[in-house]
Amino acid sequence: MRIQYNFAFLDEGSKREIRRATLKAIAIPGYQVPFASRELPIGRGWGTGGLQLTLSLIGKSDVLKVIDQGSDESVNAVSIKKLIDKTTGVPATDATEAATLIQSRHRIPEVPLRTGQLLVLQVPMPEPLRMYEPSELETKRLHGEKDYSGAWLMLFEQIMKYRSVSTGADHPVMVNDRYVMAPSPIPKFDNPKMNYSEALILLGAGREKKIYAVPPYTQVVSLAFEDVPFEPESFPGHSCRQCGAEDVFMDELYDSEKEETYYQCNDTSYCLQRMNAQPLV
Amino acid sequence: MGYVAVKGGTRAIEESLKRLQFERLQSGKVIEVEAISSGMRGLVDQVMSESSLYSEELAALAIKQAEGNPEEAVFLLRAYRSTLPRKHYSRTVHSAEMRVERRISASFKDIPGGQVLGASTDYSHRLLDFDLLEETTASATAWLEQYLGMEELDQEAFAQEGRFPKVLDYLRKEGLIADCSVDSTEPDDVTRTSLTFPATRSEKLQILTRGQTGAVTSLAYAVIRGYGMVHPTVGELRVGELPVYIDSPLTQNTDEDEAYYIGEIKVTEVEMLVPATVEKENGRKELELDFGYGLCYGQNETKAIAMSILDKSLEKGDKSIPTQNEEFVLFHIDSVESTGFISHLKMPHYVTFQAKLNDVRKTRKQSTEKEG
């Protein structure tokens, strides 16, 4: 019993169905389009939504980049790349500019994306209102009626309790002045990169069976109040120990020999590129 | 030469997979797929049911690859299932046509056609059979010969194995349970369109039947123990083979005689009786018997019973009771989804955690500033 898998694993009918949902998502920015998510050979909750988008869209002429929490070499990024390579043979790259299709978990690369590139984000919880409303039927109605008082109230309560918002990653955004959307758990630092992005951004939630999108040049505003403005994470006074970058999202690491904390670019390929551009000392 | 990325991830995975292979093979013994499909019927049935894929051979292969871990075996089969196009829908399968191997009713002693205990562990004593430590093919063959020889006396019983009238039909004739008319609406397919709420009955039944055995059982246990329902009674539980037909793919013909027989599936079917109060005119109340339905691949009796309880519970739909809340039940019983999301917590969360850390520090800093 020898089994040959189809190009990009899924059967063509499934791919077409996912692409149809994707087109609808692009047509209604920020709206979560339900789709019949397929089980994949990687864990449900390990990026199957993003992977289904990638598999349904990838063509032989694509150049693929996969990152997981900023790293091209993280185990899960490697595992996803390996599966795509095995079923498509499409070449992979670490260089953000060289990629046509980028699948990422929880980061938007530091190198600005350009027209023609496609960013696929993996989404664990696509519903920004789930935090205060467990029912899907109910949240669907709230979106339909553009009733986002709960989302505002949630931020307001956080400010009252903690004096600032504590959304961590996945800070909700308003897309095209219509839908409140979960940007996936990217740090607040990356939220502004979605605003008027030149690249098409697709978001896929496999377990929750939703696809949504931010088409190029679409307004994406992080929810905030006039008197308590949106504040991305910052690393004041710190620079990357390897490449010296300052205005980037950084990993906080601990040097056990020197017994001190140090910082390093979270986007590993960006860091590497900068290091290689610097004259050798 | 410039800097290059540390290829730690790639190598670590390769070594980890080798280690996994080693764990499976280290005893030097190889378990044959055929040995699994013939000797682990219970696990094969459970895996086929949770995978929504009827193939004893592939289920056995998945079990072998997963080293007997059902969650992993179901995962393998579901992923394989994603590569298969949906080419046909079968014709409606009528469970009255089941070739029955076992059927019991807890409601009536004397049911038309009689009770058939069949193969069941129900009345076995759960004493470890140490003889099995020494079991050989020869001893098995000898036992089989003796058993089948003896059965000649019982040919009549063997011949009788077959169609039986449904117990509930009898009650319907008596007018004791509400007559439910045949619903010919085309069922939804949860593997092709995603679940929306309120869910249709066909969607609910599909999600329940592919639910994780343990999860379905636990939630149904909660229903009968204290979350919503009085004691239900098994109207009929039957295990047997159902023939499956598809319409000819070449013609538009939906004539039954032109249909193709594609094989048999073994299923467990449960029709559960549940007492219910119905409101009549002027607030007068009457007691009636309602029923819940359960059907799963293979001999999975506990799961089929649990499914029938949850079916009825969901039909009641009081959202304040978790076991009657369709979103609560249907969203959380799938093996691949629940185990996938729980296990994803093992993945690195460096960025998301850093973002949270940033918030925590900020609120702390602000509170000390305020105090100071």
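Read-outs: derived from the displayed coordinates by stated rules, not from any lab. Predicted model only: the values in this text are computed from it and were never measured. Cβ sites come from the backbone with ideal geometry, for glycine too, and all protein chains shown count toward neighbours.
Show me, for the range B:199-204, the HN-Hα J-couplings you get by feeding each phi into the Karplus relation (A = 6.51, B = -1.76, C = 1.60, θ = phi - 60°), rounded to Hz, glycine and proline as x.
Here the 3J(HN,Hα) series is 7, 6, 4, 5, 5, 4 Hz.
Report Rg(Cα)/(2.2 N^0.38 Å) for the range A:164-251, keeping two decimals.
So the Cα radius of gyration is 1.20 times the expected 2.2 N^0.38 Å.
Excluding residues on the same chain fewer than 8 positions from A:K161, give the lysines whose Cα lies under 22 Å from its Cα.
A:K188, B:K356, B:K362, B:K365, B:K370
In the Gaussian network model of chain A, springs joining C-alpha atoms below 10 Å, which of A:G144, A:G30, A:G206 carries the largest mean-square fluctuation?
Judging by the Gaussian network model, the answer is A:G144.
Once the Cβ-Cβ distance between A:L23 and A:V111 is put in as r, and R0 is 25 Å, what FRET efficiency do you end up with, to the nearest 0.05?
0.35
What are the principal axis extents of the Cα atoms in the range A:234-281, in Å, biggest first?
Per principal axis, max minus min of the Cα coordinates gives 30, 25, 18 Å.
What residue among B:I265, B:I13, B:I333 has the largest mean-square fluctuation in a Gaussian network model of chain B, using Cα springs under 10 Å?
Result for chain B, Cα springs under 10 Å: B:I13 fluctuates most.
Once the mean 1/r over all distinct Cα pairs of the range B:155-260 is inverted, what Kirkwood radius in angstroms do you read off?
Answer for the range B:155-260: a Kirkwood hydrodynamic radius of 18.3 Å.
Work out the mean other chain Cβ neighbour count within 10 Å for the residues of B:192-201 and drop it here as an integer.
Mean inter-chain Cβ contacts per residue within 10 Å come to 4.
Whole angstrom only: what separates the Cα centroid of the range A:171-188 from the Cα centroid of the range A:219-243?
Between the Cα centres of the range A:171-188 and the range A:219-243 lies a distance of 15 Å.
Straight distance only, please: which lysines reach the Cα of A:K210 with their own Cα at less than 16 Å, same-chain residues fewer than 8 apart left out?
Correct list for A:K210: A:K15, A:K24, A:K140.
Give me the percent relative contact order of the range A:58-139, please, defined on Cα pairs under 8 angstrom at least 6 residues apart.
29
Hey, got the Cα dimensions of chain B along the principal axes, in Å, largest first?
Computed over the Cα atoms, the extents are 84, 72, 55 Å.
Near the amide H of B:V234, under 5 Å away, which other amide H atoms are found, from residues 5 or more places off or on another chain, if H is placed in the peptide plane?
The answer is B:A106, B:L273.
Starting with the fewest neighbours, write out A:V180, B:V360 ranked by other beta-carbon atoms found within 10 Å of each beta-carbon.
Arranged by neighbour count, lowest to highest, A:V180, B:V360 become B:V360, A:V180.
As an exercise, identify the trypsin sites (Lys or Arg not before Pro) in the range B:275-316 lying in DSSP coil whose Cβ has no more than 11 other Cβ atoms within 10 Å.
Within the range B:275-316, the qualifying trypsin sites (Lys or Arg not before Pro) (loop, at most 11 other Cβ atoms within 10 Å) are B:K280, B:R284.
Compute the angle between helix B:137-151 and the longest alpha-carbon principal axis of chain B, please, reported from 0 to 90 degrees and rounded to the nearest 10.
Between the helix axis and the principal axis of chain B, the angle is about 30 degrees.
Per the helix-only calculation at 222 nm, which mean residue ellipticity applies to chain A, given -39500 (n - 2.57) for every DSSP H run of n ≥ 4 and division by its residues, nearest 500 deg cm²/dmol?
Per the formula, -8500 deg cm²/dmol.
When the label point is put 7 Å from the Cα of A:Y162 along its Cα-to-beta-carbon vector, which residues of the range A:210-249 have a backbone N closer than 15 Å?
Inside the label zone: A:230-234.
Once fully extended, how much extra length lies between B:E135 and B:S90, figured as 0.36 nm per residue of separation less the alpha-carbon to alpha-carbon distance?
12.0 nm
Over its Cα atoms, what ratio of radius of gyration to 2.2 N^0.38 Å does chain A give?
Compared with the compact-globule rule of thumb, chain A sits at 1.04.
How high is the relative contact order of the range B:12-81, in percent, counting Cα pairs under 8 Å that sit 6 or more residues apart?
28
List the GluC sites (Glu not before Pro) in the range A:250-280 that DSSP assigns to loop (not H, G, I, E or B) and whose Cβ has at most 10 other Cβ atoms within 10 Å. Which are they?
Here the sparse-neighbourhood loop sites are A:E257, A:E259.
What ³J(HN,Hα) values, in whole Hz, does the Karplus curve 6.51 cos²θ - 1.76 cosθ + 1.60 give for the range A:183-191 when θ = phi - 60°, with x put for Gly and Pro?
Each residue of the range A:183-191 in turn: x, 6, x, 7, x, 3, 3, 8, 3 Hz.
Nearest 0.05, what FRET efficiency do B:L357 and A:F225 give at R0 = 25 Å with Cβ-Cβ as r?
Computed FRET efficiency for B:L357 and A:F225 comes out at 0.60.
Simple spin-label model, 7 Å along Cα-to-Cβ: B:K285 to B:D257 in nm?
5.5
Compute the distance in nm between two label points, each set 7 Å from the Cα along the Cα-to-Cβ direction, one at B:V230 and one at A:W152.
My value for the distance between the label points is 5.0 nm.
Would you please calculate the Kirkwood hydrodynamic radius of the protein assembly as shown over all C-alpha pairs and express it in Å, rounded to one decimal?
Hydrodynamic radius (Kirkwood, Cα pairs) of the protein assembly as shown is 28.3 Å.
Over chain B, calculate the relative contact order: mean separation of alpha carbon pairs under 8 Å at least 6 apart, over the residue count, as a percent.
With pairs under 8 Å counted, the relative contact order is 18 percent.
Rounded to the nearest 0.05, what FRET efficiency do B:Q366 and B:T302 have when you use their Cβ-Cβ distance and R0 = 56 Å?
Efficiency, from the Cβ-Cβ distance: 0.55.
Would you tell me the mean number of C-beta atoms belonging to other protein chains that fall within 10 Å of each C-beta in A:185-193, as a whole number?
Counting Cβ atoms of other protein chains within 10 Å of each residue's Cβ and averaging gives 3.
Distance in nm between label sites at B:Y221 and B:T196, each 7 Å beyond Cα in the beta-carbon direction?
Taking the simple label geometry, B:Y221 and B:T196 are separated by 3.7 nm.
Counting only DSSP beta bridges with both residues in the protein assembly as shown, what percent are antiparallel, rounded to the nearest 5?
75
Counting only chymotrypsin sites (Phe, Trp or Tyr not before Pro) that sit in a DSSP loop (anything but H, G, I, E, B) with at most 11 other Cβ atoms within 10 Å, what is the longest stretch of chain B containing none of them?
Longest gap between qualifying sites, sites excluded: B:124-372.
Which of the trypsin sites (Lys or Arg not before Pro) found in the range A:5-97 are loop residues per DSSP with 10 or fewer other Cβ atoms within 10 Å of their Cβ?
A:K60
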